[in-house]
1. What whole-number volume per residue, in cubic angstrom, does the convex hull of the C-alpha atoms of the chain give?
2. Kindly provide the trypsin sites (Lys or Arg not before Pro) of the stretch 185-285 that DSSP labels as loop, not H, G, I, E or B, and whose Cβ sees at most 13 other Cβ atoms within 10 Å.
3. Shape of the stretch 20-118 from its Cα gyration tensor (a ≥ b ≥ c, root eigenvalues): rounded if a/c is under 1.5, otherwise prolate when a/b > b/c, or oblate?
4. Binning at 5 Å from 0, report for the stretch 251-378 what percent of all alpha-carbon pair distances ends up in each bin.
5. Keeping all protein chains in position, work out how much accessible area ILE402 exposes to a 1.4 Å probe, and write it in Å² to the nearest 10.
6. Return the carbon/sulfur percentage of the accessible area of the chain, one whole number, probe 1.4 Å, all protein chains in place.
7. Put a dot 7 Å past each Cα toward the Cβ at ARG278 and SER182; how far apart are the dots in nm?
8. Given the stretch 64-208 reduced to its alpha-carbon atoms as identical point scatterers, what log10 I(q)/I(0) does the Debye formula return at q = 0.15, 0.16, 0.18 Å⁻¹?
Amino acid sequence: MGFILKILIYLYLCAAVQCVHQLSWVPCQFIDEHVSVNNEGHVETQLHHREAMLQFGQKEDRPINPHAITFLVTGSKLDLRRYVEDVEAEQLDCEIRRYSTEGIHVRWPVQGAKEYNNWFSCTLKHTKFTVNSFLRHASDQPPSGMQDYHSWTAIGDTETLITTVSMVIRTESPTVKAGLGSQQKLYCQFSLDHKGPDVTMEWYWQHRGERTRLFSHNSRSGQTQGTGVGLKSLAGGDASYTLPFTKMSSEGTYVCSVSVMPLFASMDISLHIEEPPRVSLNVGATLSLQEGAEQKVVCDAESYYPLDVEIVWYQQDPAVAGQRVGAPLPKVLQNVLLSSHKHNSDRTFSLSSFFYLEASLRDSGKQFTCSVSHRSLRVPIKKSFILIVEEQGSWLFFLTGIAVVILLVILIVLLSYLYSARKQSMQKKPY
């Protein structure tokens, strides 16, 4: 019994510590709208950036910042803080906007909800995720009969609005970088504050004006079109889309959308193709040249995407190449030329960087390195060779030695031939 009591106390303390670290408020920008009709009959919208606070608590709580608009988020089945765990308030970019239901009036089906509501969208952005949510502010005022953005309810600079979270959509991958031929999972999860809603979930791909529907599912009719989303996972709120094989044509924006009347939430996920270059040299690890000789040295960067690539040649002493402290900086070569970009059939690019190396004894033993940088690489790819330069005199001595040996061989062959001929002629004489 005492052991169980200790466990319960431990769990209570852990829960208390977790509550301490939960967000209690987030500073936000409230992007307010003023919609009017000009003299020509066109609708004009003016945006006003206003200071606001997203505050979590109870209805009777006082505003943390009494000089700002407070969106007080009270308890519901959806706790927005659960979707932004392990981050501090200053790490989040918060934006709140009014949300128009385009004249559609639907009583939100949760216990205790009033007949009418004012809706706000709230976006929380972090470097690792994005969360979009809908805040519901109950109202006693019926719709005016016109589009709601024509008659937004005025909000004072220090007003407090009691809200609850009705819907959340989240992604862990707002930006995805993928190589060719890889499988990618585009994360998209959603939650609602009530069960059994009529949900329509869709995935779209769009790029440069094109828009294609990849997947759609309606929970009420059960109708499904397309592939890439598991229906069992979707029933639990996981609408993640699997891209089985990335191609150049896969690049673009993928839109995960969830519709529950009168709300429509969407999440944009950008997919960028990044293919690293293949780097090679036209010489081996060691290049031997005679003093004064010239050699064209080429560094090829092939099959990379996107276009931007940087190729730098430099020279240094291999003995200090691995030193981190006290080593002299490598000498960047200036006499380097670039080829034009080559467009490959798979829409990747290739580029060559080359220079003409004139062999000099002072460069013998030096290391020449080609360094290729590209946005797909964390560190540059480097290919190197060691230059060995031999003196001209040594070559002359070597060639002279070969010539002497050849002459000696010829002389021996001639003498052998003459001796053999003389011996044969003497055997033919009659005695």
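1. Working: hull volume 166.9 nm³, N = 431.
In the chain, the Cα hull volume divided by residue count equals 387 Å³.
2. Values: sites: LYS185, LYS195, ARG208, ARG211, ARG213, ARG220, LYS232, LYS247, ARG278; in loops: LYS195, ARG208, ARG220, LYS247.
Hits after loop and neighbour filter: LYS195, ARG208, ARG220, LYS247.
3. Details: a/c = 2.31, a/b = 1.43, b/c = 1.62.
Oblate.
4. 2, 9, 14, 16, 14, 11, 9, 6, 5, 4, 3, 3, 2, 1, 1, 0, 0
5. Answer for ILE402: close to 70 Å² accessible.
6. Details: 14160 of 26370 Å².
Carbon-and-sulfur percentage of accessible area, whole number: 54.
7. Between SER182 and ARG278, the label points sit 1.8 nm apart.
8. Relative scattering, expressed as log10 I(q)/I(0), comes to -0.92, -1.03, -1.24.
The values are calculated or read from the model by the stated rules, or taken from the named source; none is laboratory data. What you are looking at is a predicted structure, and each value in this text was computed from that prediction instead of being measured. Methodologically, a virtual Cβ is constructed for each residue, glycine included, from the backbone with ideal geometry; neighbour enumeration extends over all protein chains shown. Surface accessibility is based on the protein's heavy atoms, side chains included, excluding ligands, DNA and RNA. Shrake-Rupley method; radii C 1.70, N 1.55, O 1.52, S 1.80 Å.
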